[in-house]
Amino acid sequence: MRTASGAAARTAPHARREPVIYAEQTRADLVAAARKLFVDNGFADTSVEAITAAAQVSKGTFYHHFPDKKAMFAELYTELLQRVGALADAASEAIRATPGEPALAAVSNLTHAFLQRTIDDPLHRELMAQAPSVLVEQYRHINDTVAQPPIERLLTVLAERGDVEPDVPVATVARLLLAVLCEGNQIIAAAADREDALARTFHTITLLMSGLAADGVSAHG
């Protein structure tokens with residue numbers, strides 16, 4: 001015989017899931033609205049009111065999920081760097097799996113792909129361009145903790161293979177390369193001819209990378 005308490009116990013988990021699902025969807029709607037507004041209008045010209053209007057939620061709901069719009073921007077920027085970091089880690093694994101293939105060619109391709117996103121992906125372009133002024137000190141922290149480690153892992157793989165000079169200080173080089181890539185995004189984003197700026201920036205970074213290559217190893221692979 002089913003008791004009322006037993007039925008309640010069985011339905012309670014489902015009842016609890018519904019508010020959680022709703023909250024997750026609301027948060028996703030807020031993030032999607034902010035993502036578009038940050039690209040279209042920029043961070044400074046995007047208000048919390050504009051985000052909540054686009055997401056069709058109240059300001060109270062916004063502040064339930066985020067302390068301010070800067071926190072939302074930081075989350076979007078972190079997610080972007082995590083995606084880029086995943087590409088670097090995938091390159092590291094691919095290099096390890098193919099010891100006979102030219103590793104620096106993969107690094108060169110990864111660098112070009114990162115810079116190409118500045119042209120192809122408006123969200124990538126705008127978040128990278130706006131992040132230094134929006135996030136200030138937090139910008140360096142996110143770069144150091146999210147973007148730099150995958151670059152360090154990639155350089156470590158290259159060092160293990162003998163593709164870069166054995167005395168390369170991995171952490172220092174990773175930080176400098178990340179700074180160069182971020183500045184490259186700024187150059188391309190601000191250029192009237194972005195394709196030309198991409199070509200010049202990529203060529204310059206390739207020249208810098210050639211100084212890291214071990215004797216007999218080309219930065220082009």
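The values are calculated or read from the model by the stated rules, or taken from the named source; none is laboratory data. Source: prediction; values computed, not measured. SASA here: full protein model, heavy atoms, side chains in, ligands and nucleic acids out. Shrake-Rupley method; radii C 1.70, N 1.55, O 1.52, S 1.80 Å.
Hey, what's the Cα Rg ratio for region 100-221 versus the globular rule of thumb, 2.2 N^0.38 Å?
Dividing the Cα radius of gyration by 2.2 N^0.38 Å gives 1.08.
Can you give the direction-averaged projected area of the convex hull of the alpha-carbon atoms in region 27-140, in nm²?
Averaging across all directions leaves 8.1 nm² for the Cα convex hull.
Using Cα Rg over 2.2 N^0.38 Å as the read-out, say which of (i) 1.17; (ii) 1.11; (iii) 1.31 was calculated from these coordinates.
Structure-derived value, by its label: (iii).
Solvent-accessible area per residue for the chain at a 1.4 Å probe radius, Å²?
54 Å²
Give me the percent of accessible area attributable to carbon and sulfur for the chain, probe 1.4 angstrom.
The computed percentage sits at 57.
Using only helices, what value at 222 nm comes out for the chain when you add -39,500 (n - 2.57) per DSSP H run of length 4 or more and divide by the total residues, to the nearest 500 deg cm²/dmol?
-26000 deg cm²/dmol
If one takes the longest principal axis of the Cα atoms in the chain, at what angle in degrees, from 0 to 90 and to the nearest 10, does the Cα axis of helix 103-120 lie?
For helix 103-120, the angle is close to 50 degrees.
Of VAL48, VAL84, VAL164, which has the largest mean-square fluctuation in a 10 Å C-alpha GNM of the chain?
Highest fluctuation among the options: VAL48.
Output the relative contact order of the chain, whole-number percent, from Cα pairs under 8 angstrom with separation of 6+ residues.
21 percent
Using θ = phi - 60° and the Karplus relation 6.51 cos²θ - 1.76 cosθ + 1.60, list the HN-Hα couplings for region 184-198 in order, rounded to whole Hz, with x at every Gly or Pro.
Each residue's phi maps through the Karplus curve to give x, 4, 4, 5, 5, 4, 8, 6, 5, 10, 5, 5, 5, 5, 4 Hz.
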